[in-house]
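For reference, the structure discussed in these notes is given below.
The values are calculated or read from the model by the stated rules, or taken from the named source; none is laboratory data. It should be emphasised that the depicted structure is a prediction, and the values quoted were computed from it without experimental measurement. Cβ placement follows ideal geometry from the backbone for every residue including glycine, while neighbour counts extend to all protein chains displayed. Note: areas computed on protein heavy atoms with side chains; ligands, DNA, RNA excluded. Shrake-Rupley method; radii C 1.70, N 1.55, O 1.52, S 1.80 Å.
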Amino acid sequence: MPQLEEHSDKIVVEVAEKFDPASYYEQAAGRLVIDPQHAKMEFGETLASMLKLSPDGSTILWPQPADDPNDPQNWSDRRKSLHLLVITLAACIPDFDSGIGIASIFGLAQTYRTTAGVINNLTSNWSIFLLGWGGIFWVMLVRRYGRLPVLFWTQVFALAFLVGATFSPDLATFTGNISYAANNLNADVFRLKAMRCLTAFFGTCPQVKGLYVVTDIFPFHLQARKLNIWTFGFIISPFLSPFAFGFLVARTSWRWAYGIGSLYSAFVVLLIGLFMEETMYDRHLDPDQQRIAPGVQYRLETLIGITGYRMAKYRSRWSEIVWACLNVVWRPQFLLVAFFETFVFGFSVGINVTNVVFMGSPPPVGFGFSQFAVAGAYATPILAVILGELSGRFLNDRIMNFTVRKNKGIFEAESRLWACYAAMPLYICGFLTLGAGVQHLNKAAFILGWGIAQVAVMVNTVAVYAYCNDCFPRRQGEISALLNLARVLGGRHSHCVSTFDHASCLFTGFSVAYFQVPWATKSGGIQTFGVEAAIVMGLFLIAVPTVQLRGRYFREHFAL
């Protein structure tokens, strides 16, 4: 008997030594053992005793931090918080810059002696269209050459092109619209849209890299809370620039607005250069191959991409990287919720842009607000997003803790989607109240409905990001890029539904066109926004319960 027990102990030790926490975390996508006590039943006493826990000992850390100080999971809380702050500030840039155009639209039209409609089409539609497709491109480089150099160079180029837009002598330089230049203006017109569109294309990188940073440095049980902060950055940013610069442009040139935007971008580039570090850490590689050398030279080489170029041979091949997004997008556990989120976010884009027209147009179409009143009204979505961030942080933690206890220490990814059930009633209430405000020119209903809708969008978006991240722990970049693209395509579809103009939808992208005004003027705001809310609710009832009921099957048969 002693020999049998000795042999049994030897087998257990050998199994423990062969256990790879990194592989388990990736292969058990969407189902993780969180409770240390349940881990003893799941893995056995020996393996469970080897797992690293949170400081209070109540939660198993996933991914398991390596015994290497260079592992970002081992960084101090202060170091992690600094990286989260910088990437959140960077994620604000693309939509913040695009929002400057909303405040500057009439000043640009006057400067370049054209109409607001032409400015609207040239400066916003195409530039925001590139926000979505640019992310697909940048995530490929991030996987190959690392997080830091791609982030740094994209923001440097985005800053350069924004400065170019600030000092553009003509419309062509500002937007760079080739076809418009050839058909409508002189040869110099070609230069305008180039600046604006290239700013968007390069600037979108932080909106796909942020999910990488959050999952690189924070353990699983904190990721939803931190995603809430990063998502807060790019959801609130489109409202900040119209709010701040609406007052400014009313008194001075639009170039000041773009100049201040350039200073903000320069500040973020400075923060990236001084404080950001490479967070990419491959747990399947020997730590010696990823060791960080002290000194300024290594820091500079990592920042500009020399280190990433050297490490590329250890990373994914181009043949895998190029097709990675297509390899994710068709999987049902992603496709269903992403399609749902496309309309949730897309219709919110519609109201954000159209509300400018309703506020500025005289009755009976709109409220006839002054330029100062329009700028002040943007405080509504700003406060709503802040409220959504605070409530979403509490809600996501409560849902996770409750479902883990209910599942006896096991986390299932589909539990993230319970937050959508809280968001949808708010979404319907917000859209219907907003529609009533527009139809009856009731200012209180207009402001209240706008705010309620934004709270719902914030809560729902974080839940979708968190769920997709849990299902594909090795594809954070592709998930972020595809959801970012969905935001763009959703804005485009809201344009299609609102104007019934399917041909223009092939080209308009996110669109800041005044697309909902004719529909609301003809049929009333309640019908316009009610139809949009009904579409979203229908997709919710199809997508979310289906994924919750069949999610485990989808993850087992369609995992990566």
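Which one of the conditions (1) at pLDDT below 70; (2) open to solvent by less than 10 Å² (accessible area, probe 1.4 Å) does V118 fail to meet, given that it meets all the rest?
Checking V118 against (1) at pLDDT below 70; (2) open to solvent by less than 10 Å² (accessible area, probe 1.4 Å), the one that fails is (2).
What pairs come out if I take residues in the stretch 422-448 that are under 15 Å from I526 (Cα atoms) and without any contact (Cβ under 8 Å) to a residue 60 or more places away in the chain and pair them with residues that are open to solvent by 70 Å² or more (accessible area, probe 1.4 Å) and assigned to a helix (DSSP H, G or I) whose C-beta lies under 6 Å away, six or more apart or interchain?
So the pair list comes out as T433/L448.
Just to be sure, is G164 at pLDDT below 80, open to solvent by 10 Å² or more (accessible area, probe 1.4 Å) and either out of contact with any Pro (no Cβ under 7 Å at 6 or more places or on another chain) or not acidic (D, E) (or both)? Full working, then the answer.
Details: at pLDDT below 80: no; open to solvent by 10 Å² or more (accessible area, probe 1.4 Å): yes; either out of contact with any Pro (no Cβ under 7 Å at 6 or more places or on another chain) or not acidic (D, E) (or both): yes.
No; evaluated as a whole, the condition is false for this residue.
Given A181, A200, A224, which one is of a type in the set (G, A, S), modelled with pLDDT under 85 and buried (at least 20 other Cβ atoms within 10 Å of the Cβ)?
A181
Residues that are at pLDDT 80 or above, at least 1 per element: which helices (runs of 4 or more DSSP H) completely within the stretch 443-560 meet that?
Values: elements: 443-471, 476-499, 505-508, 516-523, 525-558.
Per the criteria, 443-471, 476-499, 516-523, 525-558.
Evaluate the following for S124: is it buried (at least 19 other Cβ atoms within 10 Å of the Cβ), within 22 Å of the chain's Cα centre (by Cα), hydroxyl-bearing (S, T, Y) and modelled with pLDDT under 95? Quick ask: steps written out before the conclusion?
Working: buried (at least 19 other Cβ atoms within 10 Å of the Cβ): yes; within 22 Å of the chain's Cα centre (by Cα): yes; hydroxyl-bearing (S, T, Y): yes; modelled with pLDDT under 95: yes.
In short, yes.
Taking helices (runs of 4 or more DSSP H) that fall entirely within the stretch 1-89, which contain at least 2 residues that are at pLDDT 80 or above and open to solvent by less than 60 Å² (accessible area, probe 1.4 Å)?
Where helices (runs of 4 or more DSSP H) fall fully within the stretch 1-89 and carry at least 2 residues being at pLDDT 80 or above and open to solvent by less than 60 Å² (accessible area, probe 1.4 Å), they are 21-27, 36-43, 45-50.
Listed here are the residues, each with its yes/no results for (1) at positive phi; (2) without any contact (Cβ under 8 Å) to a residue 24 or more places away in the chain; (3) surrounded by 21 or more Cβ atoms within 10 Å (Cβ to Cβ).
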{"site": "A293", "(1), (2), (3)": "no, yes, no"}
{"site": "T302", "(1), (2), (3)": "no, no, yes"}
{"site": "A312", "(1), (2), (3)": "no, no, no"}
{"site": "E320", "(1), (2), (3)": "no, yes, no"}
{"site": "F334", "(1), (2), (3)": "no, no, yes"}
{"site": "V344", "(1), (2), (3)": "no, no, yes"}
{"site": "N355", "(1), (2), (3)": "no, no, yes"}
{"site": "G360", "(1), (2), (3)": "no, yes, no"}
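Can you go through F431, F372, F402, F411 and tell me which one is of a type in the set (F, W, Y) and modelled with pLDDT under 90? Write out each step before concluding.
On the way: F431 fails: modelled with pLDDT under 90; F402 fails: modelled with pLDDT under 90; F411 fails: modelled with pLDDT under 90.
Of F431, F372, F402, F411, the one residue that is of a type in the set (F, W, Y) and modelled with pLDDT under 90 is F372.
Applying the selection to the stretch 322-332, what residues are open to solvent by 30 Å² or more (accessible area, probe 1.4 Å) and either β-branched (V, I, T) or outside any helix (DSSP H, G or I) (or both)?
Just the residues of the stretch 322-332 that are open to solvent by 30 Å² or more (accessible area, probe 1.4 Å), to begin with: 322-323, 326-327, 329-330.
Those that are open to solvent by 30 Å² or more (accessible area, probe 1.4 Å) and either β-branched (V, I, T) or outside any helix (DSSP H, G or I) (or both): V322, W323, V329, W330.
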